[in-house]
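Notes for the one structure printed next.
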Amino acid sequence: MAILGIDIGGSGVKGAPVDTARGELLAERYRLPTPQPSDVTSVVAAVVEVAGQFAGYDRVGITFPGVVVDGVVRTAANVDKSWIDAPAAELFTEQLGHPVAVLNDADAAGVAEVTFGAGRDQRGLIMVLTFGTGIGSALFLDGKLIPNTEFGHLELHGKDAELMASDRVREEEGMSWEKWASRVERYLRHVEALLSPRLFIIGGGVSKKADRFVPLIDIRTPMVPAMLLNNAGIIGAAVTAEQDR
């Protein structure tokens, strides 16, 4: 039976049933704009609407843009603060009528990339970074997730890194690719100094335009674009739900 993956992002809530053996969507994904304000009641309703577009699944994996510990939300940097300490897994399970696994959105994207994409069969310390509304991070050691890292919130030149180098900031400030790439490079060099990873995998919506900025970044660590693009969160959420059986 298929598993439904749903990805809650700062700008959209999207989902689709997933073949967790192949890492492929089994239907065209359905997307809604993230409600504004993105409070608990509104986002749960949006997830229920997305899930209602599909049938024939027995479990659900859901991503959330914040730290999630044992199904409970601990931070909410890019959604309404009413989510802090909300029992997300319990709320979604109650509304959807199926077992639900909830995890950080960047962790989910990383799970997909390490299972099926650019991080497959890679050993050592690998970091997946998603550039979108904010900067998400997922850290893996020999293919095993170290959950809930928040390296997008490192301080860089006195500011939260994602306030300088997220894709949202690039768009809002009308930055050229060259200027934005220089900011991303400074950020990646800071992360390199802290962790010395073997590989950076660059995901998020901007990964579709990797050819515009990756060649402009000069760092020591190898860097590759994510392979699963905007479907990574959906796929990683479903894989996590499958692993939680």
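The values are calculated or read from the model by the stated rules, or taken from the named source; none is laboratory data. None of these values were measured; they are calculated from a predicted model. Here the Cβ positions follow ideal geometry from the backbone for every residue, glycine too, while neighbour counts run over all protein chains shown. Quick note on the areas: whole protein, heavy atoms, side chains included, nothing else; ligands and nucleic acids left out. Shrake-Rupley method; radii C 1.70, N 1.55, O 1.52, S 1.80 Å.
Per-structure values
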read-out: Subset of the range 54-70 [within 26 Å of ALA27 (Cβ to Cβ), assigned to a loop (DSSP other than H, G, I, E, B) and open to solvent by less than 20 Å² (accessible area, probe 1.4 Å)]; value: PRO65
read-out: Filter result for ALA45 (modelled with pLDDT under 95, open to solvent by 40 Å² or more (accessible area, probe 1.4 Å) and either farther than 26 Å from LEU129 by Cβ or not in a strand (DSSP E or B) (or both)); value: no
read-out: Number of positions in the range 79-92 that are surrounded by 19 or more Cβ atoms within 10 Å (Cβ to Cβ) and either touching a strand residue (DSSP E or B) at 6+ places or on another chain (Cβ under 7 Å) or among the polar types (S, T, N, Q) (or both); value: 5
read-out: Qualifying residue in the range 191-204 (condition: basic (Lys, Arg), in contact (Cβ under 8 Å) with a residue 24 or more places away in the chain and under 23 Å from ASN104 (Cβ atoms)); value: yes
read-out: Single residue of ALA21, ALA76 found to be among the small types (Gly, Ala, Ser), without any contact (Cβ under 8 Å) to a residue 24 or more places away in the chain and open to solvent by 20 Å² or more (accessible area, probe 1.4 Å); value: ALA21
read-out: Qualifying residue in the range 177-188 (condition: surrounded by fewer than 20 Cβ atoms within 10 Å (Cβ to Cβ) and modelled with pLDDT under 95); value: no
read-out: Selected residue [acidic (Asp, Glu), surrounded by fewer than 23 Cβ atoms within 10 Å (Cβ to Cβ) and modelled with pLDDT of 95 or more] from GLU173, GLU113, GLU150; value: GLU173
read-out: Criterion violated by VAL169 - all others in (1) among the β-branched types (Val, Ile, Thr); (2) out of contact with any strand residue (DSSP E or B) (no Cβ under 8 Å at 6 or more places or on another chain); (3) touching a residue at least 24 places away in the same chain (Cβ under 8 Å) satisfied; value: (3)
read-out: Failed condition for ALA76, given (1) at pLDDT below 95; (2) part of a strand (DSSP E or B); value: (2)
read-out: Some residue of the range 11-20 being over 18 Å from the mean Cα position of the chain (by Cα) and at pLDDT 95 or above; value: yes
read-out: Close pairs (9 angstrom Cβ cut-off, 6 or more residues apart or separate chains): farther than 9 Å from VAL114 by Cα in the range 139-150, among the hydroxyl-bearing types (Ser, Thr, Tyr) and part of a strand (DSSP E or B) anywhere; value: THR149/SER137; GLU150/SER137
read-out: Helices (runs of 4 or more DSSP H) wholly inside the range 131-245 that include at least 2 residues being acidic (Asp, Glu); value: 167-172, 177-195
